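Presented below is the structure to which this report refers.
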Amino acid sequence: MLLIRPEQTHVFEDQLAREGDGELASRLGAIYPIQQALLGSDGILAVVALARQRAREHGLRTSVAVGLYTGLVFQLGSDFDRDPQLPWASEILQDEEIPGAAARLELTCREAMVVIERIKGPRDEHLHAALQRLRQDPLGRPWSGQPPALREEPAALLQRIYPHKVELLVEQGTFARLLDDGRAAARVHHGTEPWCEALLSGLALLLGSGFLHDPQLPWVREALDDAAASEPPCVRLHRAAIAYLDRVMAVVARQGAA
């Protein structure tokens, strides 16, 4: 949840130029302590491996580039380069009028700094406030028995919980796509209730549109693919998401107190 900053680029350039995935993962864990706490060393390594694969698709092969690309994955999600919420990322990375893959990555990082500061806040305060609002909402609390009825439509709920991100999506014309994708994902996972649509759209809003297969979020597939469970997939996903939200907030609180 950190911003990419120039001093981090200098660290990559000075220390990562000849390192493999293991060494790169170790250094990234030190730069991104929240991700390190949530994922552990093996999880960071899995993200680096995916980032290297995706970076190669954009002509990026050096460890410096993979390090920067992994930072974008940490901040924007594993599918940031194809996420409909982030159309500018794919546009820049595929713009052949920008000479060289490294230059395209640099411009992507610069645009990401602007976007991340706008939606998360200079110190992640917008994101933390959104997590707090979610945790106080019935959708963001554990429940027993039947899920509670939503008090508002999914669009209004998401706008209230994370207004800074929704405002950007509305400006881009991509908010409706987010809601449509949430409805489609709910149907795939046998959930047609509005709360399930809101859950899937909300997770995409917070975690990126690729959250269903993001190696940073193994709990998502574990919850949805549990063949032995008797509960509906969306109920299992909700429980797992609440547990993850509690972990994130606890890690953020520890990091803030350190």
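Figures for the structure shown
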quantity	calculated
Conditions (1) crowded, with 20+ Cβ neighbours inside 10 Å; (2) part of a helix (DSSP H, G or I): number failed by Arg187	(1)
Subset of the range 190-213 [among the small types (Gly, Ala, Ser) and within 15 Å of Val73 (Cα to Cα)]	Ala204, Gly208, Ser209, Gly210
Filtered residues of the range 65-107 (kept if under 22 Å from Leu207 (Cβ atoms) and polar (S, T, N, Q))	Thr70, Gln75, Ser78, Gln85, Ser90
Matching residues, the range 59-76, being over 15 Å from the mean Cα position of the chain (by Cα) and either within 15 Å of Gln216 (Cα to Cα) or surrounded by 19 or more Cβ atoms within 10 Å (Cβ to Cβ) (or both)	Leu60, Ser63, Val64, Ala65, Val66, Gly67, Leu68
Selected residue (criterion: surrounded by the fewest Cβ atoms within 10 Å (Cβ to Cβ)) from residues of the range 118-169 that are small (Gly, Ala, Ser), out of contact with any Leu (no Cβ under 8 Å at 6 or more places or on another chain) and assigned to a helix (DSSP H, G or I)	Ala156
Qualifying residues in the range 17-58 (those that are hydroxyl-bearing (Ser, Thr, Tyr) and over 17 Å from the mean Cα position of the chain (by Cα)) - the one surrounded by the most Cβ atoms within 10 Å (Cβ to Cβ)	Ser26
Selection count, the range 217-252, where residues are assigned to a loop (DSSP other than H, G, I, E, B) and acidic (Asp, Glu)	3
Among the residues listed as Tyr162, Tyr69, the single one being of a type in the set (Phe, Trp, Tyr) and assigned by TED's automatic domain parsing to the domain that holds Leu203	Tyr162
The range 185-212: number of residues that are modelled with pLDDT of 95 or more, more than 24 Å from Gly145 (Cβ to Cβ) and not hydroxyl-bearing (Ser, Thr, Tyr)	8
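The values are calculated or read from the model by the stated rules, or taken from the named source; none is laboratory data. Note that the coordinates shown come from a computational prediction; the quantities given were computed from them, not determined experimentally. Virtual Cβ from ideal backbone geometry, glycine too; neighbours counted across all protein chains shown.
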